[in-house]
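Asker: One structure is given below, represented as structure tokens, and several questions about it will come after.
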Amino acid sequence: MSTHKVTGTSSFRNMNSFSDILEERRHSSDVAWITREWNPIRTVRDAQATNPIDVRKAVLNSMRIKEVIKELSQERGIAPEVLYKEVEEQLTEIGHNRQISIVRWIGLFVTKVLKKTCSNLMVNEEAISKLKSSMGNTPVIFAPSHRSYADFILMAYICFHYSIEIPCVAAGVDFMAMWLMGTLLRDCCAFFMRRQFSGDKLYYTVFSEYVQTLICQGTAPVEFFIEGTRSRSAKSLVPKFGFLSMALEPFLTGQIPDVLVVPINISYDRILEEKLFSYELLGVPKPRESTSGLIKALNALDEKYGKIYADFGEAISVRDFLKSHMFQRSSHSMGPIHLQSLSDQEMSMIRILSHQIVRSQQQISVLSPFHLVAVILNNNLLTNGTFDMQLSELVKEVAWFRSVIEMFGATVDISGDVEICVREALHVHKSLITLLPDGGVQLKAVHTPGTKVDVSRLKGHALLDDTMNRAVPLLMLQHYVNPTLHFLANPAMITTVMQHLEPSGEISRDNLFPRYQLVRGMLSHEFVMHKTWEEKDFDEALRVLDLVNIVETTSAGLLSLGNHRKLQVLLCNVLHPFFAGYLALSQTLAQVCGEARPERLVLCEAQRRVEMGLKSGEVSHPAALSLDGLSCGLQALVSVGAIHKIRRGEEVLYVANLKELKVVTEHLETLVALHGMDHKWSWQQLELHQSLPAKL
Amino acid sequence: MKSADDGTEKMKATACSAVEQPRDSASEPQQQQQQAVCSIDRSCVQRKGVKNVQSVIPRNRLELLKWNGWGYKDSMFDVKGDILYFTGKRYPIGNQTLPYFTDWAINKLGIDVNRRNRAQPLPKPSDFPKAKVETAFLSELKALRISHSIAGLDRLVRAHGQTLHDAFILREGAFERIPDVVVWPECHEDVVRIVEVAQKYNVVVIPFGGGTSVSGAVSCPIKEQRTILSLDTSQMNRILWIDHGNLVACCESGIIGQDLERALQAQGYTTGHEPDSYEFSSLGGWVATRASGMKKNTYGNIEELLVSVRFVTPTGVLEKKTQVPRMSCGPDFNHIVLGSEGTLGVITEATIKIRPLPPSKKYGSIVFPDFESGVKCLREVARQRLQPSSIRLMDNEQFKFGQTLRPPPGYLGLIIDGLKRMYITKIKGFNVDTMCVATLVFEGQKKDIEHHEKKIYAIAANFNGIPAGEKNGERGYMLTFVIAYIRDLALEFNVVAESFETSVPWDRTITLCKNVKHRIGEECKTLGIDHYFISCRVTQTYDVGSCVYFYFGFNWTSLPETSDPLSVYERLEEMARDEILASGGSLSHHHGVGKLRAKWFCGQVSPLGVQLYSATKKQLDPKNIFACGNLVHIPSSSL
């Protein structure tokens, strides 16, 4: 019947379906809008738990809570009443509130701030109306991408705008500790989740029952960030399964007929936390969540942040998803419902689904002109060893690259004159890029030399000031390169592999595939690619590479590189920092992990090696310093069997499988060595535009 | 005992004991009337204390019953002017115009009373496929003096049950395969001989009882190349003996429900077994499909009623040699017979429990604000094991539908109706679009009933249930029998409909109902079906769960030309079944598996279960004579 399209290339989108929801606000009374009569559409019309008190009651009276209390009271010799009290306290900690008056006040404030700092808030209205038409009798899960704290607020804001019930959103307890903020978030339907709780049976039961009650009996969408945390690199993170499996359990055990999961992408022209993230990636930890910190951050609201784009992907019916994977539900007919637990097969389905959600988020992302500018500048740096570029040249290159990346499936928000768009983008990002009066473009020094860093709180290696000086702005730039990589990664892998072919330069599809698989296996954590999509992704990448003349089919039916040299170079360059980081990592591991070593030590050592490599010219891009990237590398090496991961309590240790590691290292060496590419870039030559010292 | 015989029984006894001139059917081979051989002078006919029962259903079923629809020929929904009405006098709503029902059918199912699809006429003798049967085999039957027929119509009548598929084909198409020969054995020994001959000639035997199967159980497997013989048990309908001391009766398997009840009640007894089909279904069919009766709370389901059974298989007769209340003697082989669905042998006789007629019977009803409250109440009643003979809960859809099946009330009736409605909706605050009703049947001593009622209504009050009177209860049960006639009407107006059922643990009852309705609703939406009806009722309650019965029908006018409503329905029902299983329900509570649900059988009983069944089959029926193909499809080559 309805064969739901769960995988596959994104259907053609364009910016016409988007509307700027700030536009209206600029021409009419904010107060009138915010105080309007508000009758939101609900996920399930006739659901029972229509308010937070009902939810709380339903959880307290649930069979599962009763049973776990009985069990724990016997086990621990504690009176059930005591445990009930504990449950009530936990529920108070977890529970969301729904104060529409607070939502309205915050909405008013947010409207003012958005109007001041952002040029547009673009929302895909076609997608919203499609979503609304499918709401009414099935629980809905919102799964937005997570790039900024602003995601929380924007989701509620957009829902308020379109009269969708404010989603109940899962937030980390660290927010709760913030004075006032915790309460405000709670009033805007946030509920709180402890970071680590797998060991605490009572809390686990209470929390999962809470989530399941929201799903089964609630009237609001349940929202959670599938990546678990804000992505510091602006690349998607490998999805977490815990929350999703909790939320899908009622469906898998037959308590509800279906669940709709809506992948949502929020793309930013410029991210509020851009600088903080660069420091975090280098190992300088984020300040603790605090209200004073937030107020300080509000100073950042004097700046301009350009456009924000929100798109709601096609809702994935979990039922249809399982059906398309030939998966039969019905294994939970025995025993009481509260004792059911998900099978390994079900967990692996959830894993695929999670990846599917993330991929869908990537497909519905919007690239702004600055993302393209970042790719071009970065590429210029890696190819020509200099950052400097004339604006006219930059505009030309952006226009060219835009046509390429659109062919690769991306949606780019450039309409009309490219130069105007590029100028606007540079203006928004003037804290990072300077447009000189002579039309030259330069990277700014954003790191304040001598900034005191609390070494004891460092997560990585204590990098030299000189390194930081160059690395911080380049990582900020990389932050804007990264969102494009979801469209480039697969073609880039194939291009890289084909750069390293034997002299004949020809290869059959079937011989190319395993080589691609090898590279992909290494990068699958970095770019969130599920193993089961290998073949499909490969064929799709070959298809587009053929379209852009990178790969040609010879008369003998073999594949060879075409004549689009410029794009080949660019594609190789975008992956290069990752391979360089992984190479340094595997060399480090070979050196230090003869016996089990803790993760932190491995990462520190790897960073140190990269820093040395940057100095000596062996490593050409500081993105290799990224702790996120190195962690992905660790996961990849674990999955290919080059190292083993050992858990000892809270601590994670790694030990090398030297034989396998050697093979991987050699492979990485060949990938890093850029055959035939003239590399003039040297770290030491990078000149930064010194302006007023930027503050951290 | 003789004195208890009523006139009709005597008549039948005389007719049967008189030696009729055996008609030589060979002398009139191509005659279209029944080519029957009646042979009476056999040892099996007379035994001491045997009660011959005059069946309401004649041997030529079409004299009384529809050939292409449910039930009696004189009872059906019809259109008079623009209004629907029910014909005949058999049921309380007979000869009454039904304006509310008409509105309901128009609004809910989108029917147009002026556009009617007439069914095809009764096929002509030349329309039937030629009977594929060896003359030698027929001669053997003749020699055994077993009446039989190869007339097309006789074969057609026994080629189907009462599934939507069957009704559809009868109205608009033709069965690909019908039996080649019909036999009417008159006693156990006849059956033994028939099975022997069938085994000898490698002829397939499909037992046929009341013809009310809704699982495709009596349909002929299309690919079956061998001769198919339909073994009609209707002429084996005697009560062989009644044991007053132990309250058991031994009956032949072909006796149908209403005949059995009438005959027993004449003697002050009842079986208490009342499946909704009991007007037409037979004792043997009940045992073979594990039937369930409405009043099982008092009397038990068929497996509890059954004391012992005679079962004729190609390798011998399986029967217990004692008539004891229970025994610890290895596995109970009654359970090989129960649910065997005609795949292992034929049931010829069954000894069942009987009960003295209850002195008093009373109906009752309770309205609930919503279905959840109703289910919770039924669960509590079951927890306290306080079920009356029957307790059923209809959902809101069915409640509303039930309200339409009545004639327009008179002037006063309107006022009273209005007042009742006021009380329920305004004073009690019930929502007309969520409320639902439970119907009750109490049986026993008057005082006990009163006491029982009080307890039930007290429990109901805890779930916001309000007693709604005897009338509503009685109507509910009456409607059960009438509802079965609606499908034939529906088919005339582009509506296909069918019922299906399941059993489910208590903690999943509500979610199962919701899930199935949700699923059907979503699928109808994707198919662009605007008018459909999906409704359920909880019809039985047990210690550990309930039985849920669904009605589903839709108007297929909006479907594209290319899609065939029957296969769309079957696909939707299949999805509903998948949803039922995923929601923790069973494949069937009492309809059985048949061919319709065979694909899920293994999933319900485990692969080893299927192997165990197959091993039994191999032992009892090595040549696969009973090849109707129910439960498990067994290719003949594997045996």
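The values are calculated or read from the model by the stated rules, or taken from the named source; none is laboratory data. The shown structure was predicted, so the numbers you read here are calculated from the model rather than taken from an experiment. Glycine also receives a Cβ, built like all others from the backbone with ideal geometry; neighbour counts cover every protein chain displayed. Side chains are part of the model used for accessible areas, which takes the heavy atoms of the whole protein and leaves out ligands, DNA and RNA. Shrake-Rupley method; radii C 1.70, N 1.55, O 1.52, S 1.80 Å.
Asker: So A:ARG195 clears everything in (1) within 23 Å of the chain's Cα centre (by Cα); (2) among the basic types (Lys, Arg); (3) at pLDDT 90 or above except one condition, right? Which one?
Answerer: The failed condition is (3).
Asker: With respect to B:LYS447, is the statement that it is at pLDDT 95 or above and more than 27 Å from B:ASN297 (Cα to Cα) true?
Answerer: Judged against the criteria, B:LYS447 is not a match.
Asker: A further question follows. Out of curiosity, is B:HIS633 more than 14 Å from every other protein chain (Cβ to nearest Cβ) and under 30 Å from A:HIS338 (Cβ atoms)?
Answerer: It is false that B:HIS633 is more than 14 Å from every other protein chain (Cβ to nearest Cβ) and under 30 Å from A:HIS338 (Cβ atoms).
Asker: Then there is this: Please give the number of the condition A:GLY313 fails out of (1) within 14 Å of chain B (Cβ to nearest Cβ); (2) closer than 22 Å to A:PRO139 by Cα; (3) modelled with pLDDT of 85 or more.
Answerer: (1)
Asker: Let me ask another. Looking at region B:464-479, is at least one residue assigned to a strand (DSSP E or B) and either open to solvent by 40 Å² or more (accessible area, probe 1.4 Å) or out of contact with any Gly (no Cβ under 9 Å at 6 or more places or on another chain) (or both)?
Answerer: Yes; the residues of region B:464-479 include at least one that is assigned to a strand (DSSP E or B) and either open to solvent by 40 Å² or more (accessible area, probe 1.4 Å) or out of contact with any Gly (no Cβ under 9 Å at 6 or more places or on another chain) (or both).
Asker: Going through B:VAL548, B:VAL538, B:VAL544 one at a time, which residue ends up being within 14 Å of chain A (Cβ to nearest Cβ) and farther than 24 Å from B:LEU283 by Cα?
Answerer: Going through B:VAL548, B:VAL538, B:VAL544 in turn, just one is within 14 Å of chain A (Cβ to nearest Cβ) and farther than 24 Å from B:LEU283 by Cα: B:VAL544.
Asker: List the residue pairs whose Cβ atoms are under 9 Å apart, where the first residue sits in region A:608-621 and is touching a residue at least 40 places away in the same chain (Cβ under 8 Å) and farther than 16 Å from A:HIS576 by Cα, the second is part of a helix (DSSP H, G or I) and open to solvent by 10 Å² or more (accessible area, probe 1.4 Å), and the two are 6 or more positions apart or on different chains.
Answerer: A:LYS615/A:ASP466; A:LYS615/A:GLN684
Asker: Of all residues in region B:547-604, count the ones that are aromatic (Phe, Trp, Tyr), within 21 Å of the chain's Cα centre (by Cα) and under 30 Å from B:ARG115 (Cβ atoms).
Answerer: The qualifying residues number 4.
Asker: Condition check: buried (at least 24 other Cβ atoms within 10 Å of the Cβ) and under 30 Å from A:GLN478 (Cα atoms). Does A:SER231 satisfy that?
Answerer: Answer is no for this residue.
Asker: Could I ask something else about it? Quick test of your reading of the structure: B:LEU612 fulfils all but one of (1) away from chain A (no Cβ under 14 Å); (2) surrounded by fewer than 17 Cβ atoms within 10 Å (Cβ to Cβ); (3) under 26 Å from B:GLY110 (Cβ atoms); (4) not charged (D, E, K, R). Name the failing condition by number.
Answerer: (3)
Asker: When you scan region A:449-482, how many residues do you find that are open to solvent by less than 40 Å² (accessible area, probe 1.4 Å) and either aliphatic (A, V, I, L, M) or over 28 Å from the mean Cα position of the chain (by Cα) (or both)?
Answerer: 10
Asker: Name the residues in region B:559-603 that are within 12 Å of chain A (Cβ to nearest Cβ) and either of a type in the set (Val, Ile, Thr) or in a loop (DSSP other than H, G, I, E, B) (or both), would you?
Answerer: B:SER563, B:VAL568, B:ILE580, B:SER583, B:GLY584, B:GLY585, B:SER586, B:LEU587
Asker: Do you know which residues across region B:266-318 are of a type in the set (Phe, Trp, Tyr) and part of a loop (DSSP other than H, G, I, E, B)?
Answerer: Listed by number, the residues that qualify are B:TYR278, B:PHE280.
Asker: Same structure again: Could you look through region A:136-156, keep only residues that are surrounded by fewer than 23 Cβ atoms within 10 Å (Cβ to Cβ) and part of a strand (DSSP E or B), and pick out the one that is nearest to the other protein chains (Cβ to nearest Cβ)?
Answerer: A:ASN137
Asker: Follow-up. Given the structure, is A:SER330 buried (at least 23 other Cβ atoms within 10 Å of the Cβ) and either within 14 Å of chain B (Cβ to nearest Cβ) or more than 20 Å from A:GLY228 (Cα to Cα) (or both)?
Answerer: In short, no.
Asker: Please list, ordered by first then second residue, the pairs with beta carbon atoms under 6 Å, 6 or more apart or interchain, first in region A:1-28 and away from chain B (no Cβ under 14 Å) and within 30 Å of A:LYS531 (Cβ to Cβ), second at pLDDT 50 or above and open to solvent by 40 Å² or more (accessible area, probe 1.4 Å).
Answerer: Filtered contacts from region A:1-28: A:VAL6/A:SER324; A:SER10/A:GLN363.
Asker: Then there's this: Scan the helices (runs of 4 or more DSSP H) fully inside region A:325-432 and keep the ones with 1 or more residues being in the same structural domain as A:ILE256 (by the TED database) and within 28 Å of the chain's Cα centre (by Cα).
Answerer: A:344-363
Asker: Moving on. Of the residues that make up region B:513-529, is at least one open to solvent by less than 20 Å² (accessible area, probe 1.4 Å) and in a strand (DSSP E or B)?
Answerer: Scanning region B:513-529, I find no residue that is open to solvent by less than 20 Å² (accessible area, probe 1.4 Å) and in a strand (DSSP E or B), so the answer is no.
Asker: For region A:514-556, how many residues are open to solvent by 50 Å² or more (accessible area, probe 1.4 Å) and of a type in the set (Gly, Ala, Ser)?
Answerer: Final tally of qualifying residues: 2.
Asker: Across region B:620-639, what is the total count of residues that are touching a helix residue (DSSP H, G or I) at 6+ places or on another chain (Cβ under 8 Å), more than 15 Å from B:SER340 (Cβ to Cβ) and modelled with pLDDT of 95 or more?
Answerer: The qualifying residues number 1.
Asker: Quick one: A:SER133 ticks every box in (1) assigned to a strand (DSSP E or B); (2) within 14 Å of chain B (Cβ to nearest Cβ) except a single one, so which number is it?
Answerer: (1)
Asker: How about region A:159-197: which of its residues are closer than 23 Å to A:LYS235 by Cα and of a type in the set (Val, Ile, Thr)?
Answerer: If the condition is that a residue be closer than 23 Å to A:LYS235 by Cα and of a type in the set (Val, Ile, Thr), then A:VAL169 is the only one that fits.
Asker: For region A:115-131, give me each residue that is out of contact with any Leu (no Cβ under 6 Å at 6 or more places or on another chain) and open to solvent by less than 30 Å² (accessible area, probe 1.4 Å).
Answerer: Scanning region A:115-131 gives A:CYS118, A:MET122, A:VAL123, A:ASN124, A:ALA127, A:ILE128, A:LEU131.
Asker: At pLDDT 95 or above and away from chain B (no Cβ under 14 Å), is that true of A:VAL284?
Answerer: When the stated conditions are applied, A:VAL284 does not pass them.
Asker: Considering only region A:121-145, how many residues are closer than 16 Å to A:ILE271 by Cα and either among the hydrophobic types (A, V, I, L, M, F, W, C) or touching a Gly at 6+ places or on another chain (Cβ under 8 Å) (or both)?
Answerer: Residues meeting the conditions: 2.
Asker: Could you count how many residues in region A:241-269 are over 21 Å from A:GLN363 (Cα atoms) and within 14 Å of chain B (Cβ to nearest Cβ)?
Answerer: Summing the residues that are over 21 Å from A:GLN363 (Cα atoms) and within 14 Å of chain B (Cβ to nearest Cβ) in region A:241-269 gives 12.
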